[in-house]
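Down below is the structure, laid out as structure tokens.
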Amino acid sequence: ESQSCVGAMPQCMSETITMDYYDGLDLACAKHQGSESFVARSQLTPDNAKLIIAMVGMPCCGKSSIARRLVQFLSWQGLRVKVFNAGRTRRESRDESSSPLSATLFDTSNAEGQALKDQIAMNTLDDLLVWLDSSGDIAFFDATNSTKKRRNAVTNRVKAYGAEHNPGQFGLVFLESLCDDPVILEASLLNKVRTSPDFAGMSEEEALASLKCRMSNYESVYEPLQQSEGSFIKVMNMCSYVVANRVFGRLTRTVLPFVCSIHTSQRPIFLAALVPRRSEKEYVRIGDQGQIGHKDDALERDALDGELAKRLAAWVQRQEALNGQHFCVLGSTLPTALEAATAVAEVSKCSVTHQSLLNPLNRGPCPELEGEDESHLDFRARFPFGESYADLVHRLEPSLLEIEASTEPVLVISHATPCRALRAYFLGLPVMKCMEAASSPGASALADVIPCVLELNLNRGHFEETVHFLEPAP
């Protein structure tokens, strides 16, 4: 019976009948490389030279916050990134002496108002395309884009511009932010009416009523993104869940992991730049093959390292945000950081993770440059047999995402260059700006000179820094 069954099968099946079921899965898939789904997948994998991320969402649902944080993250990587906000274009086109904006502009039955909003959105998109084509890498189109009709208009505009000016170079992805958390919504509403120029001159009660009326108008016509609309990412409550559709290439390596990491919880972040031992600082050529290694100095003493570890542990015990509460410690794999993290763990409730990603910048056989002003160096220029600052930022990305994802306080025990690069991200500064000779208390705290901890706290969308000096342990 088995022979007659085999004989009745197609030839391709008889050839694979003796193969293990699980081993044959990849071969079976390989036969479908000409399928429609495979062709669509292959077209989405290559990176476009220019990327547009068009935001989608109701007012006060977090889309502008997500765009701003993504700009900060991507700019930190050395990319040229900019946000084009349709609301700002609208405000700049209005007479500054005019009365506060009426909610009737957003009334779906107001045909004139709808036409004006559509025109403003397209003008903003045109400005974006010109900038992106001439000097940018990634641009964010920050508008509600709340209907399928509007999103189709955006898609067609991008395609038409690309076909005329730079064929095949423009990629478009929609990023939708949804929110049904009453706590987040209430905070967003209050923040908008207190800071937006749209509500200048209104009382808070009047402004809230106007904003809620505007949101009701948007809600009446709002159409969430559908799978048929191409590449998109959906985020719920800035942290609950994330959905990705037809998203591949660099989006999966950068944008998507970052969006999955951010949240609305506030917690302090502490950066401790330990003074490395000489054997940790000096990279020299060793061996016949000339590979890079660390110089072993048998005369190096551990007294300073032990003192720093004790100071840091004593400081942790005095901190209200850390003492008695669970927090995360991320440390480098160098001996100074290992010893300091161990000392902290002995006196606190923390989880400790050591990552070589947090080790100092590898300057190759040029350790004498350590501590000097390196802001004049090119971000992507590598030290001989070593790294560039772009390499440093690239390897710090997983550590940064872990910091962003944590809802608990985070203490980073590392060294000058990694800590300065992380500080650049949180303060929204160019990385090389933070490699200048220390000119501020925050920069001095990470200069490998005086034992300090730099504390970063989020305040109204921006991080503020506080310096803590590590006093000698009792």
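Looking only at region 419-429, decide whether some residue is free of Cβ contacts under 8 Å to residues at least 24 places away in the same chain and either surrounded by fewer than 18 Cβ atoms within 10 Å (Cβ to Cβ) or acidic (D, E) (or both). Reasoning before the result, please.
To start, the set of residues in region 419-429 that are free of Cβ contacts under 8 Å to residues at least 24 places away in the same chain comprises 429.
From the residues that got through so far, the ones that are either surrounded by fewer than 18 Cβ atoms within 10 Å (Cβ to Cβ) or acidic (D, E) (or both) too are 429.
Yes, there is a match, as at least one residue in region 419-429 is free of Cβ contacts under 8 Å to residues at least 24 places away in the same chain and either surrounded by fewer than 18 Cβ atoms within 10 Å (Cβ to Cβ) or acidic (D, E) (or both).
Conditions first: (1) assigned to a helix (DSSP H, G or I); (2) open to solvent by less than 10 Å² (accessible area, probe 1.4 Å); (3) among the hydrophobic types (A, V, I, L, M, F, W, C). I413 passes all but one, so which condition is the exception?
Against the list (1) assigned to a helix (DSSP H, G or I); (2) open to solvent by less than 10 Å² (accessible area, probe 1.4 Å); (3) among the hydrophobic types (A, V, I, L, M, F, W, C), I413 comes up short only on (1).
Can you list residue pairs whose Cβ atoms sit under 7 Å apart, with the first residue in region 174-186 being touching a residue at least 12 places away in the same chain (Cβ under 8 Å) and the second being among the basic types (K, R) and open to solvent by less than 40 Å² (accessible area, probe 1.4 Å)? Count only pairs 6 or more apart in sequence or on different chains.
Hits for this filter: F174/R151; E176/K234; S177/K63; L178/K234.
What residue, of L178, L132, is more than 20 Å from R88 (Cα to Cα), within 28 Å of the chain's Cα centre (by Cα), buried (at least 21 other Cβ atoms within 10 Å of the Cβ) and at pLDDT 90 or above? If you could, list the steps in order and put the result at the bottom.
Numbers: L132 fails: more than 20 Å from R88 (Cα to Cα).
When all the criteria are applied, what remains is L178.
With N217, N237 as the choices, which residue is open to solvent by 20 Å² or more (accessible area, probe 1.4 Å), farther than 15 Å from S406 by Cα and not charged (D, E, K, R)?
On the way: N237 fails: open to solvent by 20 Å² or more (accessible area, probe 1.4 Å).
Going through N217, N237 in turn, the sole match is N217.
Is there any pair with a first residue in region 406-418 that is closer than 24 Å to S388 by Cβ and a second that is open to solvent by 20 Å² or more (accessible area, probe 1.4 Å) whose Cβ atoms are under 6 Å apart and which are 6 or more apart or on different chains, and what are they?
A416/D448
For I413, are the conditions met, namely being modelled with pLDDT of 95 or more, touching a helix residue (DSSP H, G or I) at 6+ places or on another chain (Cβ under 6 Å), within 22 Å of A443 (Cβ to Cβ) and among the hydrophobic types (A, V, I, L, M, F, W, C)?
Working: modelled with pLDDT of 95 or more: yes; touching a helix residue (DSSP H, G or I) at 6+ places or on another chain (Cβ under 6 Å): yes; within 22 Å of A443 (Cβ to Cβ): yes; among the hydrophobic types (A, V, I, L, M, F, W, C): yes.
Yes; evaluated as a whole, the condition is true for this residue.
Does any residue in region 51-64 that is under 21 Å from T254 (Cβ atoms) and open to solvent by 10 Å² or more (accessible area, probe 1.4 Å) come within less than 8 Å, Cβ to Cβ, of a residue that is polar (S, T, N, Q) and not in a loop (DSSP other than H, G, I, E, B) six or more places away or on a different chain, and which pairs are these?
Listed by first residue and then by second, the contacts come to G62/S177; G62/S188; K63/S177; S64/N85.
Among the residues of region 154-167, which ones are in contact with a helix residue (DSSP H, G or I) (Cβ under 7 Å, 6 or more places away or on another chain) and surrounded by fewer than 20 Cβ atoms within 10 Å (Cβ to Cβ)?
R157, Y161, H165, N166
Can you tell me which residue in region 318-335 is most open to solvent (accessible area, probe 1.4 Å), limited to those that are closer than 20 Å to I450 by Cα and either aliphatic (A, V, I, L, M) or not in a strand (DSSP E or B) (or both)? Explain how you work it out, then say what you get.
Taking region 318-335 as the starting set, the residues that turn out to be closer than 20 Å to I450 by Cα are 318-319, 331-332, 334-335.
Now drop any that are not either aliphatic (A, V, I, L, M) or not in a strand (DSSP E or B) (or both), which leaves 318-319, 332, 334-335.
Details: R318: 130, Q319: 35, S332: 0, L334: 17, P335: 53 Å².
Taking the candidates together, the pick is R318.
Counting just the residues of region 399-410 that are outside any strand (DSSP E or B) and open to solvent by less than 20 Å² (accessible area, probe 1.4 Å), which one comes out nearest to R69 (Cα to Cα)?
For region 399-410, the residue satisfying everything is E404.
The values are calculated or read from the model by the stated rules, or taken from the named source; none is laboratory data. All values derive from a computational prediction rather than experimental measurement. In this analysis, Cβ positions are derived from the backbone assuming ideal geometry, glycine residues included, and neighbour counts consider all displayed protein chains. The area values use the complete protein model at the heavy-atom level, side chains included, leaving out ligands, DNA and RNA. Shrake-Rupley method; radii C 1.70, N 1.55, O 1.52, S 1.80 Å.
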